[in-house]
1. For residues that are of a type in the set (S, T, N, Q) and open to solvent by 80 Å² or more (accessible area, probe 1.4 Å), tally how many sit in the range A:288-305.
2. Scan the range B:452-474 and give yes if some residue there is within 23 Å of B:E582 (Cβ to Cβ) and outside any loop (DSSP other than H, G, I, E, B), otherwise no.
3. Could you say whether any residue in the range B:431-451 is within 14 Å of another protein chain (Cβ to nearest Cβ), in contact with an Asp or Glu (Cβ under 8 Å, 6 or more places away or on another chain) and closer than 26 Å to B:Q604 by Cα?
4. Please go through the range A:345-397 and pick out each residue that is among the charged types (D, E, K, R) and more than 9 Å from ligand 1 (Cβ to nearest atom).
5. Given the criterion open to solvent by less than 30 Å² (accessible area, probe 1.4 Å) and within 30 Å of B:G393 (Cβ to Cβ), identify the matching residue among B:D406, B:D460.
6. What's the total number of residues in the range A:594-618 that are among the charged types (D, E, K, R) and in a helix (DSSP H, G or I)?
7. In the range B:38-58, what residues are open to solvent by 10 Å² or more (accessible area, probe 1.4 Å), more than 10 Å from ligand 2 (Cβ to nearest atom) and in contact with an Asp or Glu (Cβ under 8 Å, 6 or more places away or on another chain)?
8. Mind checking whether some residue in the range B:49-65 is outside the structural domain of B:G381 (by TED's automatic domain parsing) and among the basic types (K, R)?
There are 2 protein chains.
Amino acid sequence: MQFYSDGYRPGDPDIRPAAPGREHAAELPAEVDVLIVGTGPAGLVLAAQLAEFPGITTRIVERRSGALEKGQADGVACRTVEMFNAFGLAERLLREAYWVNETSFWRPGATDRSSIVRSGRVQDVADGLSEYPHVIVNQARMQDFLLERMRNSPSRLVPDYGLEAVSVAMADSGEYPVTATLQRTTENGDDGGAPLMVKAKYVVGCDGARSAVRKSIGVELSGDARNHAWGVMDVLAVTDFPDIRLKAAIQSAGGGNILLIPREGGYLTRFYVDLGDLDPADRQARSRFTVDHIIQTAQNVLHPYTLDVKDVAWWSVYEVGQRVADRFDDVPAAERGSRSPRVFIAGDACHTHSAKAGQGMNVSMQDGFNLGWKLAAVLEGRSPASLLDTYTGERQAIAQELIDFDTRWSKTMSSKPKDPDAPDQDGVDPAEVERQFVEAGRFTAGFATDYPPNLITGIDTHEHLAKGFPVGERFYSAPVLRLADAKPLGLGHTAEADGRWRLYAFADAAAPTESGSRLAALCRHLESADSPIRRFTPQAADPDAVFDVRAVFQQHHRDLMLNEMPASLLPRKGPFGLVDYEKMFTPDPKSEDIFDARGIDRAQGALVLVRPDQYVAHVLPLDAYTELDEFLSGIFLPA
Amino acid sequence: MQFYSDGYRPGDPDIRPAAPGREHAAELPAEVDVLIVGTGPAGLVLAAQLAEFPGITTRIVERRSGALEKGQADGVACRTVEMFNAFGLAERLLREAYWVNETSFWRPGATDRSSIVRSGRVQDVADGLSEYPHVIVNQARMQDFLLERMRNSPSRLVPDYGLEAVSVAMADSGEYPVTATLQRTTENGDDGGAPLMVKAKYVVGCDGARSAVRKSIGVELSGDARNHAWGVMDVLAVTDFPDIRLKAAIQSAGGGNILLIPREGGYLTRFYVDLGDLDPADRQARSRFTVDHIIQTAQNVLHPYTLDVKDVAWWSVYEVGQRVADRFDDVPAAERGSRSPRVFIAGDACHTHSAKAGQGMNVSMQDGFNLGWKLAAVLEGRSPASLLDTYTGERQAIAQELIDFDTRWSKTMSSKPKDPDAPDQDGVDPAEVERQFVEAGRFTAGFATDYPPNLITGIDTHEHLAKGFPVGERFYSAPVLRLADAKPLGLGHTAEADGRWRLYAFADAAAPTESGSRLAALCRHLESADSPIRRFTPQAADPDAVFDVRAVFQQHHRDLMLNEMPASLLPRKGPFGLVDYEKMFTPDPKSEDIFDARGIDRAQGALVLVRPDQYVAHVLPLDAYTELDEFLSGIFLPA
Ligand SMILES: Cc1cc2nc3c(=O)[nH]c(=O)nc-3n(C[C@H](O)[C@H](O)[C@H](O)COP(=O)(O)OP(=O)(O)OC[C@H]3O[C@@H](n4cnc5c(N)ncnc54)[C@H](O)[C@@H]3O)c2cc1C
Ligand SMILES: Cc1cc2nc3c(=O)[nH]c(=O)nc-3n(C[C@H](O)[C@H](O)[C@H](O)COP(=O)(O)OP(=O)(O)OC[C@H]3O[C@@H](n4cnc5c(N)ncnc54)[C@H](O)[C@@H]3O)c2cc1C
């Protein structure tokens, strides 16, 4: 966390100075750069990202009259915690969330099949997947955190509540080619007055499963529309069920299945109760369920344990099929490449699926995170508009994987447990549930994403130089010491969600002061007239405004003198030309050496390029100047 | 962090529900329970503690017109971070603070004595002292955190700014025997109008070195009034000094000494520059120093390195002698025991010393923390007024140790470095400075406090049962798993600053389900009619309202079933009678076993009693029912 570079300022450093003139205007402007529709997880991550760029006019409209207060999703995958760290929100999230440390499995007893017994208990997230835990917190709180980040950003972005997007239409040309038609929503049944028209350079529909934006651009969901219903309730209850504070998957012999999720604060519990498939012809099917029905089912499943519900905080019958949109923007396959997209959809607007794997909020947020920096780069003139094509290319494939995974997983979870005395009957072996759960761990934690080569993801020719940073996967942080102040920290944790690319130069064995140092040579190259970094960085900007170059040395931190390090690793910044001392790192002597932990080639070193959304874009040899230049030239425009 | 026990509530759980009728009244009431004078670190810790008790009317007045914005102290000892954790503030403090990981030492070069060279570099806080780092953050920010905690507390306590305490006077009797005379301060030179009189049960003078409250109760400071001056400045500067981001003690041959403290945010630096003793007869001596003088001295000391100051955030000439008050309340030695105190002083009002060991803010906060829970216990009728006698008894001795330490340490720091070529001349060997620094580590980190036996600190007869928890010292947290949810956490970290006593029952080897379990027997005793806990806890209150009993088992967490644990470790609480699942712990298989780490007798177990301010009050065998009863009977009144 860096601050005060332009002078000391009293108060909370997380409340950054507002950009000049960027106090939020009450009226929606007639023209905006980006209009986001919907303040769910997808819309708010996107808005929080764009709020970092006060030069871009972003507005976010929401049909509801205010912020979400309760209900909906609650599972926060490790990957999402990593992203929250980049928004400066991880500490507070971890402080108040429930941590899913272990998951237990229950099934009908061998002798008395009417009573459930614990069949297994596993560590929820395998070691070595992430330095962060899998946590649970109300979706409303997750959204609060993002809203706060937006409010405290240089743009002071706040949502415009009570505005519903009715449709979007595209003009063939013009600076603001998309026109959104908005309607004021009212709580008292008024008609809300005349519609509002807003012109935008880009519109992003984060407007949920029934997305109006999706319909406007003619995108269809495909997949299994079969509606499976789950009763969901957040309750305060008294029970003698011993795993009430563990995530528990419970299969009873007769009464159905429960997924039990302990919640933040120590007392609240969420129950997912399987209510089976609903008849699609019967539109009233869902509304016939009551909370008592859900409670009753939960009580049956938990037998012989009791469940005395004292207070229901929220409940719902949540009904979904597994469906996915075939594209996430307004460019039909036939036109792809001939024009760049202007309207996008993200989150539930693109993919719907069960809540059983806890992916809804997480994948939606990653959609927003993927798109945000791309829009910023294009709008600020740093990258060509073709960068925006990668959004649908990357995220549609992820959504498809999610749907496929969820189809398998929710089938398993809804199946009856196999009766050992009736092996011919249908059912899943409870051991099989546990096995599938463990196998799915990487996916549910959010780490199965592996973007294939495209404009921003290189070919993995040099991946062997940094085996722990596979190209296309998220940059997995590891412990280091910061050279200047010997602070132990995660290398990835210092990367904020500020739209910048990070170049991690893992040094060769030579000290940077030695003449043979390949790392020192790279630094000289990056300082030279041939430097791609200089070419793509505006002259008036800080030297690290577009590319944040960081070095990790192999030496012990006490063996390197700060004032002997390459100049480009001590960049001068801000109005006073102060030195930024936070670019250099060494192994942390109290942790595993990062070169070992991430399989870095100690003789050659490695240059790891990381995208603003934390995915590894490329791995190159330290001296592959031409390849580096070529790769960056595809993504960046000369400043 | 526990919340929602009385129902789900949207928003930030750190903003706790206001107690009925406790929105802050604009007018100062004519009568209050506690009047705190001064919003420095001492006053604000005290206020934050009392704010937890909405049944107690607390007000805090401050002469200044608003919150402190800059300057003053910045060193935050590990012990203070531990205390901040109890106020729920550690995560945010650690996030934004500078971490003092290593300290370096510089002295004149052996060949060229006009140039400084690094003579050593040490880890700042030795391993095993605390799980928290030593950090640096502006005193104003530390106070902001406490102000926020007060504002978010059930009492919604906020300071009354612009009110100066002129004096306090004591009546012989009455429910509100102390009368404080307050004067409105004005920024424009008005006279502030007529004085205000406020009657209080207790008044605490946290009004700094020139304390008006101290003078009113006739307490004198004794010690060395000799005024030594330090120039202090917080600057943004460009330098080639390689340890600019390390805490550095620098002794030059000719130009004096500097203590350099890197500051939060990555750019700011504090310099302490020794300006020598001032002539006490010359009242103008201090005001003749300018910031240029301080900068010039710093530049001289740093030679051959350059220092180019770009911006001065704050500077001051800070002038102190080592002085301490002989008592911290209104009861003269001759009357001690015959009446209990009504007026207290805390912080700089009781002790002044140099800034060189970074103790001012920390020791002042500990004063406030020591007094807060005692006032609450007496005012709520849980403890006799004699409890308040322990405040001066405990804290005066600590202050005396601080003064003695500071006298030695600041002498060392102000001394010229010994010239190896002139061994007969005065001076300290730089190696000696480093040695003294390391030796002083326990003290400066805040862990030298060891309260001797008194009403609330037992005799250490049974200390061998829990060698890692010496009686009188602060309870040193260690890693455990929470049984119910397998969450890895610090055993001490779950203890909030809520005025409750904690009884940590470390189990004997038997599982609590075995008949021979001494721990289970203790639980039965504590549930029985003979239970001291029941005797001292109001019937209508939660069973853990006064004593928070926690158990640590030796078994692996997967070998214990929650529903088979002793009932008193699963207390039913709150309006819904919900079970509190956060009382039981087991060793964390991924950390050192707490029984080993803290030297617990595995055969016998141990009962460790911890005061609300986190100091170990007593260590007893699990079955020492009589001793437990006797000890608690001295401190508590039957409910
Ligand atoms: C009622 C409900 C219950 C759910 N329960 C669970 C659960 O128990 N467990 C689980 O894991 N997941 C649950 N989900 C799914 C999970 O919440 C979603 O996967 C996740 O919120 C997707 O995020 P999103 O931002 O794409 O969309 P959403 O969170 O749906 O956000 C869309 C936002 O857009 C607004 N909006 C919609 N249309 C318009 C418009 N035309 N103009 C302006 N604003 C508009 C909506 O009001 C909403 O705020 C639930 C979802 C819903 C809607
Ligand atoms: C100007 C200054 C500079 C300092 N610089 C450093 C430094 O560089 N490094 C360092 O380690 N320590 C420094 N200190 C010391 C450190 O700040 C103190 O040790 C610490 O603040 C003590 O806390 P306290 O709460 O006891 O008193 P203080 O922080 O002094 O707080 C006392 C408060 O009471 C108020 N007050 C005083 N009299 C009255 C009254 N009659 N009525 C109402 N309100 C009143 C004051 O305005 C103040 O807010 C400095 C102190 C001061 C005053």
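The values are calculated or read from the model by the stated rules, or taken from the named source; none is laboratory data. For clarity, every value in this text was computed on a predicted model and none was experimentally measured. Cβ: placed from backbone, ideal geometry, glycine included. Neighbour counts: every protein chain shown. Please note that ligands, DNA and RNA were not included when accessible areas were found on the heavy atoms of the full protein model with its side chains. Shrake-Rupley method; radii C 1.70, N 1.55, O 1.52, S 1.80 Å.
1. Step one: list which residues in the range A:288-305 are of a type in the set (S, T, N, Q), which gives A:290, A:296-297, A:299-300.
Filter once more, keeping what is open to solvent by 80 Å² or more (accessible area, probe 1.4 Å): A:296, A:300.
Count: 2.
2. Filtering the range B:452-474 down to residues within 23 Å of B:E582 (Cβ to Cβ) leaves B:466, B:468-469, B:474.
Cutting the leftovers down to outside any loop (DSSP other than H, G, I, E, B) gives us B:466, B:474.
For the range B:452-474, residues within 23 Å of B:E582 (Cβ to Cβ) and outside any loop (DSSP other than H, G, I, E, B): present.
3. no
4. The first filter runs over the range A:345-397 and keeps only residues among the charged types (D, E, K, R), leaving A:348, A:356, A:367, A:374, A:380, A:382, A:389, A:394-395.
Residues satisfying the conditions are A:K374, A:E380, A:R382, A:D389, A:E394, A:R395.
5. Numbers: B:D460 fails: open to solvent by less than 30 Å² (accessible area, probe 1.4 Å).
Being open to solvent by less than 30 Å² (accessible area, probe 1.4 Å) and within 30 Å of B:G393 (Cβ to Cβ) holds for just one of B:D406, B:D460, which is B:D406.
6. Start the filter on the range A:594-618 by keeping residues that are among the charged types (D, E, K, R), which leaves A:596, A:598, A:601-602, A:611, A:613.
Next, from what is left, pick out any that are in a helix (DSSP H, G or I): A:596.
The qualifying residues number 1.
7. Hits for the range B:38-58 are B:E52, B:F53, B:G55, B:T57.
8. Let us first name the residues in the range B:49-65 that are outside the structural domain of B:G381 (by TED's automatic domain parsing), namely none.
There is no residue in the range B:49-65 that is outside the structural domain of B:G381 (by TED's automatic domain parsing) and among the basic types (K, R).
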